[in-house]
There are 2 protein chains.
Amino acid sequence: MEKVYLNGKHVNREDASVSPDDRGFLFADGVYEVVRWYGSFFLGMEEHHRRLIRSLREMEIDWPEVEHFPELCHSLLEVNGLSENQALVYFQITRGAARRTHQYPNPPVAPTSYAFASAFNPDKEARLKGVAISTAPDIRWARCDIKSVSLLGNTMSFQKAREKGMYECIFIRNGVITEASHSNVFFIKGSNLITHPPSNHILSGITRGIILELARKEGIRIIEDAVHAEELLQMDEVFLTSTSSEVTPVISIDGNQLGSGTPGEMTRRLIALTEDKLAAIIATIKNANRIK
Amino acid sequence: MEKVYLNGKHVNREDASVSPDDRGFLFADGVYEVVRWYGSFFLGMEEHHRRLIRSLREMEIDWPEVEHFPELCHSLLEVNGLSENQALVYFQITRGAARRTHQYPNPPVAPTSYAFASAFNPDKEARLKGVAISTAPDIRWARCDIKSVSLLGNTMSFQKAREKGMYECIFIRNGVITEASHSNVFFIKGSNLITHPPSNHILSGITRGIILELARKEGIRIIEDAVHAEELLQMDEVFLTSTSSEVTPVISIDGNQLGSGTPGEMTRRLIALTEDKLAAIIATIKNANRIK
């Protein structure tokens, strides 16, 4: 029986319920995180935890359990027998249930916390062959830096992309590419790695940070700057990053093939570096367990 | 015991629950309406109903009960003994509960419908004396024409306004005033009535439509155009409109007094015309009941 985390308890998923007066349901008044478990560790847990703390602070939601976030993710995997698997943990905290009014409840009510874990199969074909994506106007709000559940602009745009057979869509705001509906986007032009700088128009992804760190160590020149929509097809390579899919090469945009239509050299190099990093973490953990 | 409407049934409010996997909770993937009951009629029910149908269509949510919306609102008042009162009915429909993925569930799942009714006391003082408001950057998404529950930009902005002691905040996008956090905004300059034209940046309010219709009948010149932020304090009069508060005069913006700091002549005229319209509807209903 699948167990989810709800307000401090593990309950059967089909028994889990929240009030329809929850501000998460009425106003999208909540935040979330998704962390990926690699069978023996969460990648970037510290960064996910830090971002969750920031999101809660920006929204002025006081979740008393926030310091226990990593342990709560762990125990949810354990209770579902997922500790040895590849898995994702989704964690959401809302401002809680109260009579509907735009203003935050005063005094505050108890926040609602909900999490579930699921086994995860990485999309190996997408990484190997690359994916087709589309562009879409960035209709989202101006606080994309907060990982909130106010995601209607993301879901509507992604749905339209999927209906066109696309893997993802990248957003254009004021003429420049910001990010994708649930990934960040990187460009390679010559020997430069280019991505949108952190701002209120993108969610600065944890995997985005990992890729930038790997590239920096490799001496790859990084340019954190906006790419104009009309420069898009002049890019040598394009790839997406996210917690669930790590690095995904893009081989066409809006039906226009990029380069040779196969994942580019620099993208493949960054994928290899990511795999090396993961292998190194796994080796360290195995070693530590042997010493124990 | 207060009853709410939930997926076709009347249930006690404290027993009402939805799944935390509801897309309303996870993605703000839902729409809503608020209708006002004047003790014997809903004002603008036809228009609210039409807007709900449009919102659902824009979001591709198929709610089978949509044609019964007016009756569902009525019966919720009755079951709560509110038929003779001033009341508000809040009605929300989401895409329903499904395993979390940005894409819409395919095949679709049953939508979730939730409604509650509450007795309503109009804020007479606000209407009589006028209110102080502030300006705020319009951080909302670019589909404000859909009455969705993706309202985090509205609530965050309203909360900040309230903390400054303000009654409402009006939004500035690209240098012009769009609307308020949960009202439309009108300006009077000379003999002209000015308000933002319908667009993807405003929700075209039902009360907004009623005021425009009343003004048109009175021969007041209407200009549907954007007002620039820097022209704001040059306006002779400013007022807000919404379903719950009808017409509310604004007497100061960001601490700057407008005119004499009391509700202006044209605003008071439009308030009187609204009251005449309501009185006429009430008289018609009384007459009809007498004939029955």
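The values are calculated or read from the model by the stated rules, or taken from the named source; none is laboratory data. The structure displayed is predicted, hence computed values, not measured ones. Quick reminder, even Gly has a Cβ in these numbers, built from the backbone with ideal geometry, and neighbours come from all protein chains shown. With ligands, DNA and RNA removed, areas are computed over all heavy atoms of the protein, side chains included. Shrake-Rupley method; radii C 1.70, N 1.55, O 1.52, S 1.80 Å.
For (1) buried (at least 17 other Cβ atoms within 10 Å of the Cβ); (2) free of Cβ contacts under 8 Å to residues at least 60 places away in the same chain; (3) in contact with a Gly (Cβ under 8 Å, 6 or more places away or on another chain); (4) more than 25 Å from A:V89 (Cα to Cα), each residue gets a yes or a no:
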{"residue": "A:N121", "(1), (2), (3), (4)": "no, yes, no, no"}
{"residue": "A:I133", "(1), (2), (3), (4)": "yes, no, no, yes"}
{"residue": "A:I146", "(1), (2), (3), (4)": "yes, no, no, no"}
{"residue": "A:L151", "(1), (2), (3), (4)": "yes, no, no, no"}
{"residue": "A:N154", "(1), (2), (3), (4)": "yes, yes, no, no"}
{"residue": "A:Y167", "(1), (2), (3), (4)": "yes, no, no, no"}
{"residue": "A:F171", "(1), (2), (3), (4)": "yes, yes, no, yes"}
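Inclusion of B:R36 among residues that are part of a strand (DSSP E or B) and among the basic types (K, R) is warranted.
Looking only at residues of region B:207-255 that are part of a strand (DSSP E or B) and polar (S, T, N, Q), we find that the one that is nearest to B:T267 (Cα to Cα) is B:T248. Pairs linking a residue in region A:50-76 that is away from every other protein chain (no Cβ under 14 Å) to a residue that is open to solvent by 80 Å² or more (accessible area, probe 1.4 Å) and among the hydrophobic types (A, V, I, L, M, F, W, C), with Cβ atoms under 6 Å and 6 or more positions apart or on different chains, do not occur. Every test in (1) part of a loop (DSSP other than H, G, I, E, B); (2) open to solvent by less than 30 Å² (accessible area, probe 1.4 Å) is passed by A:H201 save one, and that test is (2).
Would you confirm, using the coordinates I've provided, whether A:D276 is on the phi > 0 side of the Ramachandran plot, open to solvent by 60 Å² or more (accessible area, probe 1.4 Å) and out of contact with any Leu (no Cβ under 8 Å at 6 or more places or on another chain)? For A:D276, the condition - on the phi > 0 side of the Ramachandran plot, open to solvent by 60 Å² or more (accessible area, probe 1.4 Å) and out of contact with any Leu (no Cβ under 8 Å at 6 or more places or on another chain) - is not met.
Of the residues making up region A:181-195, those that are among the hydroxyl-bearing types (S, T, Y) and farther than 27 Å from A:T155 by Cβ number 1.
Screening A:I139, A:I177 for residues that are away from chain B (no Cβ under 14 Å), modelled with pLDDT of 95 or more and not in a helix (DSSP H, G or I) leaves exactly one candidate, A:I177.
When we screen A:A229, A:A288 for residues that are among the small types (G, A, S), out of contact with any His (no Cβ under 6 Å at 6 or more places or on another chain) and at pLDDT 95 or above, the only hit is A:A229. Filtering region B:12-38 to residues that are away from chain A (no Cβ under 11 Å) and either open to solvent by less than 20 Å² (accessible area, probe 1.4 Å) or without any contact (Cβ under 8 Å) to a residue 60 or more places away in the chain (or both) leaves B:N12, B:E33, B:V35, B:R36, B:W37.
Please specify each residue of region B:256-278 satisfying the condition of being of a type in the set (A, V, I, L, M, F, W, C) and either touching a Phe, Trp or Tyr at 6+ places or on another chain (Cβ under 6 Å) or not in a helix (DSSP H, G or I) (or both). Spell out the reasoning first.
Step one: filter region B:256-278 for residues of a type in the set (A, V, I, L, M, F, W, C), giving B:258, B:266, B:270-273, B:278.
Once the filter is applied, which keeps residues that are of a type in the set (A, V, I, L, M, F, W, C) and either touching a Phe, Trp or Tyr at 6+ places or on another chain (Cβ under 6 Å) or not in a helix (DSSP H, G or I) (or both), region B:256-278 yields only B:L258.
Close contacts from region B:225-244, counting a first residue that is loosely packed, with under 14 Cβ neighbours inside 10 Å and a second that is assigned to a loop (DSSP other than H, G, I, E, B), with Cβ to Cβ under 6 Å and a gap of 6+ residues or different chains, come to B:H228/B:G175.
Selection of region A:186-210 for residues being of a type in the set (A, V, I, L, M), in contact (Cβ under 8 Å) with a residue 60 or more places away in the chain and in contact with a Lys or Arg (Cβ under 9 Å, 6 or more places away or on another chain) yields A:L193, A:I206, A:I210. Here B:D123 fulfils each of the conditions (1) at pLDDT 95 or above; (2) more than 20 Å from B:L52 (Cβ to Cβ) apart from (1).
Looking at region B:147-154, can you tell me whether even one residue there is assigned to a loop (DSSP other than H, G, I, E, B) and not aliphatic (A, V, I, L, M)? The answer is yes, given that some residue of region B:147-154 is assigned to a loop (DSSP other than H, G, I, E, B) and not aliphatic (A, V, I, L, M). You will find that of A:H74, A:H68, the residue that is open to solvent by 50 Å² or more (accessible area, probe 1.4 Å), within 18 Å of A:T243 (Cα to Cα) and out of contact with any helix residue (DSSP H, G or I) (no Cβ under 7 Å at 6 or more places or on another chain) is A:H74 and no other. Note on region A:44-58: among residues that are crowded, with 16+ Cβ neighbours inside 10 Å and of a type outside the set (S, T, Y), the one that is farthest from A:L212 (Cα to Cα) is A:L56. Residues in region A:245-265 that are out of contact with any Ser or Thr (no Cβ under 8 Å at 6 or more places or on another chain) and within 16 Å of A:T195 (Cβ to Cβ) were compared, and the one that is surrounded by the most Cβ atoms within 10 Å (Cβ to Cβ) is A:V250.
In the set A:K124, A:K129, only one residue is closer than 17 Å to A:V247 by Cα and touching a Pro at 6+ places or on another chain (Cβ under 9 Å); that residue is A:K129. The test for being more than 8 Å from chain A (Cβ to nearest Cβ), touching a Lys or Arg at 6+ places or on another chain (Cβ under 7 Å) and open to solvent by 10 Å² or more (accessible area, probe 1.4 Å) does not hold for B:N7. Being in a loop (DSSP other than H, G, I, E, B), under 24 Å from A:D29 (Cβ atoms) and open to solvent by less than 30 Å² (accessible area, probe 1.4 Å) holds for only one residue in A:I93, A:I61, and it is A:I61. All conditions in (1) more than 12 Å from chain A (Cβ to nearest Cβ); (2) open to solvent by less than 10 Å² (accessible area, probe 1.4 Å); (3) more than 17 Å from the chain's Cα centre (by Cα) hold for B:S113, with the sole exception of (1).
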